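Each value in this text was obtained by applying a stated rule to the coordinates, not by laboratory testing. The structure displayed is predicted, hence computed values, not measured ones. Using ideal geometry, Cβ is built from the backbone for each residue, glycine included, and neighbour counts are taken over all protein chains shown.
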Amino acid sequence: MAQYYVNLLVKLGIVRFSMLLALALIALAVVVQVTITLVLNGSVHDNDILRFVIFGLLITPWAVYFLSVVVDQLEKSRQHLTTFIEKLEEMRFRDMELNRQLTYNVEQLNQEIEERKRAEVARKAAILSLKKEVHRREKAQLELAEQTALLRSFIDASPDLIYYRNEKGKFSGCNKAMEDLTGKRESELVGLTPWDIYSKDIASKVVETDQQVFDNNVSLTYEQWLIYSDGQKAYFELRKLPFYSQDGFRLGLVGFGREITERKRYQDELEKVNQDKIAFISTISHELRTPLNGIVGLSRMLLDTRLSCEQSDYLRTIHVSAITLGNIFNDIIDLDKYDRSKLELVSQPIDLLDFMTEIENISGLMAEQQGLRFSLDKITLFPPSVMLDATRLRQILWNLVGNAVKFTKQGIVNVVARCNVKDNIAHLQFDVGDSGIGIPLEEQNKIFAMYYQVQQEENNLHAVGTGIGLAVSRKLARLMGGDIVVDSKVGEGSTFTVTLGVPLSEPSKDIGIIIVEQIPLKILLVEDIELNITVTVDLLEGLGHTVIVARCGKKALEILPTTYFDLLLLDIQLPDMTGFDIVKVLRDGNVSLPPLVALTANVIKDKTEYIARGMDDAISKPISVSAVVDVIERLVMQCHFSKEQTVVLGQKRLNNNLYATLLDLEMLSSYVDIVGPVPVYKSIIMFEKLMPEYLQILGSNVIAKDQRSIASKAHQIKSAACSIGLKHIQKVAQKAQSPDLPAWWENITDWVDEIQASYSHDLGVLKQWLNEYKK
Ligand code: ADP
């Protein structure tokens, strides 16, 4: 009803509805009043109706208002209700949504819980395995720590240096040996660079080699002197290699160093022994050459005398043999050159026919002595002159003929010579054949090896040989552009074939004996070997000069200031000093001098050394007329010098008294007079204590060939010796501290040895002197 009412109100509008309502109310009022009145009164008057209408009219607005308010309220309520319902609906919807969400979340949660449960199980399993892993690792770490400690003790126990540096060249670690070397603990060393711990020279080498390792990413081995913190030098073989992390990044380098000072010392000693051997050979051959020079000189002089043809032939052979022997001695001196393949050829124009006659003469003599027949057959024409080193070819042929004679008991030794000229080159071939024991085929190549000899049970003929000849001969032949081959049959004989290709040359001029007219000169010959003196004096006097002979350096230095000479000929090896020593004294005298010419037993290939050491020129012994004439022409005739010149010479005579020789008595006596003997004695004791260390360091510097350090240590020793008046030690140390001295390197070991050997003795002498002086 209410809804109907409301709908009507809405439908009709408030005015029409009110009017309708008023009419309805009036009608109701009328009806109700009339009815009531009728019931009560039994009749209805007009007034009643009017009253009913008026009542109806009065009541209607209130009713309308009341109803409108009710309707309005109802409507509002309805609207509220609708809104509420909507909201409810919305809420219900949201609720549903939430429910759905909730359900979903619950599902999710359930899932998560499931997963978490699973994860928990997995976690527990993982924790278990982790625990196992931790345990395993702990065990491994323990083992590792043990291994590391073991390794560390190995590394520390190693006498070799072990260290590692990072990419920046800074030390990252080292072993005990390295600590000992540097004098720094590992913890102090870490972070330092080689520049911080080594001297500049050493560090630069170390850094340079580090760089090579880094640049090329390869290991490197080299040798270097290092210095211990106490100053002692040691020679190390160092090996450096890059090291990497597990993932392949280079972390730096690891270095190992093995001290090889002893090895180096032995090597040096070996070298020295070798040098001594060569020096010995040189000296021996020098000694041999002296009489040989006499044979050469005298035989040449004899050749100028009247002789029969036969005598002349023999003499020529003697002469040539002696010259060749001299050349062979030169080879012996140059022995080391064989090893270093430094043999040099001196090619000169040679008359081949003369050469072969000479070979024939000597070979004939050799064969004859063994009861063999000898022949040399020239089966082709030969050019008059070719360029070759006759000494070397002679050496080859004599060696082959010598062997042929040696290995042939009976029969013949024969040389066949042939020549074929093509394009100005003479192709020479010499077949040296014999009817001797022959050489087995399998040995034929081996015999050209150095020191190889065919082992023969029956004929121990090679006992007289060395096994060098063929090796050297082949080397020489090949050096001359040729070769030597052998063809042999055991029991039938051997043929050695030498082939050479040599250029043709103009025939050489036979110089012979030059008769030269020269202005007579006054010459001082400083020479000690009688034979040489005879030969040289004869030759010079033959040229019209006057010769004064001094047989030792001292004599020469005595004669020189008092006598004028136009030329000085100085032998190099004299009993008391060398020719160079004399020249030095003379040059130091600072006066003008006549030309000074060295006479040397060696072959002169380069005169610069003689000139550098003060000579004006040098001539080889035995001196030849042409060489003397040449020197006189070049030097004497162009040299103007005054006769008034004097040479201030003289050598301080040493007092033979031991004290005076070994001690600086002047200084010592005034020292003792001023301070008394006790401080001097204390200084002596201090010197005595210091010397072993000084000498050890000096010795290591000598082995290290460290010139600067040798000089500086020697200087310390000199100063110390000087302060207690050890004159002899001071002098020797003075030399050792002066690397500019000539032949300093050659002498330094001797000087150091001399200090080492004599300082205790000298100290004893000093103490003795001090005791006597005190008294
Ligand atoms: P050496 O003769 O001093 O032993 P060589 O180098 O001249 O040294 O010779 C090497 C070896 O070659 C000889 O020891 C010898 O065994 C063998 N030989 C060289 N020449 C002959 C030869 N004419 N007949 C037989 N054997 C030879």
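Quick rundown of the values:
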{"read-out": "Within the chain, helix-based [θ] at 222 nm, where runs of 4 or more DSSP H residues each add -39,500 (n - 2.57), nearest 500", "value": "-19500 deg cm²/dmol"}
{"read-out": "Residue pairs, from the table 682/774; 584/607; 409/489; 554/735, whose Cα atoms sit over 19 Å apart", "value": "554/735"}
{"read-out": "Environment charge of residue 132, counting only residues whose C-beta is closer than 11 Å and scoring Lys/Arg +1, Asp/Glu -1", "value": "+2"}
{"read-out": "Anisotropy class of the range 158-259 from Cα gyration tensor, a/c 1.5 cut", "value": "prolate"}
{"read-out": "Under the span-like rule (Cα at least 27 Å along the axis, Kyte-Doolittle mean at least 1.0), DSSP H helices of the chain", "value": "14-41"}
{"read-out": "Point-charge dipole on Cβ atoms (K/R +1, D/E -1) for the chain, about Cα centre, debye to 20", "value": "3100"}
{"read-out": "Label-point gap, in nm, between residue 712 and residue 313 - each point 7 angstrom along Cα→Cβ", "value": "7.4"}
{"read-out": "26 Å Cα-Cα reach of residue 132 towards lysines, excluding residues that sit fewer than 8 places from it in its own chain", "value": "117, 124"}
{"read-out": "Label point distance in nm, residue 558-residue 738, each placed 7 Å from Cα along Cα→Cβ", "value": "2.7"}
{"read-out": "Ordering of 370-381, 559-570 by packing [mean C-beta count within 10 Å, highest first]", "value": "559-570, 370-381"}
{"read-out": "Proximal lysines to residue 87, defined as alpha-carbon separation beneath 24 angstrom and excluding residues fewer than eight positions away on the same chain", "value": "76"}
{"read-out": "Cross-link table 205/689; 522/555; 176/205; 689/727, entries beyond 25 Å C-alpha to C-alpha", "value": "205/689"}
{"read-out": "Sequence-distant lysines (8 or more away, or on other chains) whose Cα lies within less than 21 Å of residue 277", "value": "264, 337, 342"}
{"read-out": "Ordering of 9-15, 527-533 by packing [mean C-beta count within 10 Å, highest first]", "value": "527-533, 9-15"}
{"read-out": "Point-to-point label distance, residue 265-residue 442, nm (Cα→Cβ direction, 7 Å offset)", "value": "4.8"}
{"read-out": "Ordering of 19-31, 399-411, 42-54 by burial proxy (mean other Cβ atoms within 10 Å per residue, highest first)", "value": "399-411, 19-31, 42-54"}
{"read-out": "Residues residue 302 and residue 548, FRET efficiency given R0 of 25 Å [Cβ-Cβ distance, rounded to 0.05]", "value": "0.45"}
{"read-out": "Dipole of the chain, positive end: most advanced residue of 562, 768, 256 [Cβ charges, Cα centre]", "value": "256"}
{"read-out": "Theoretical FRET efficiency, 1/(1+(r/R0)^6), r = Cβ-Cβ of residue 8 and residue 99, R0 51 Å, to 0.05", "value": "0.75"}
{"read-out": "Beta bridges per DSSP with both ends in the chain, % antiparallel, nearest 5", "value": "70"}
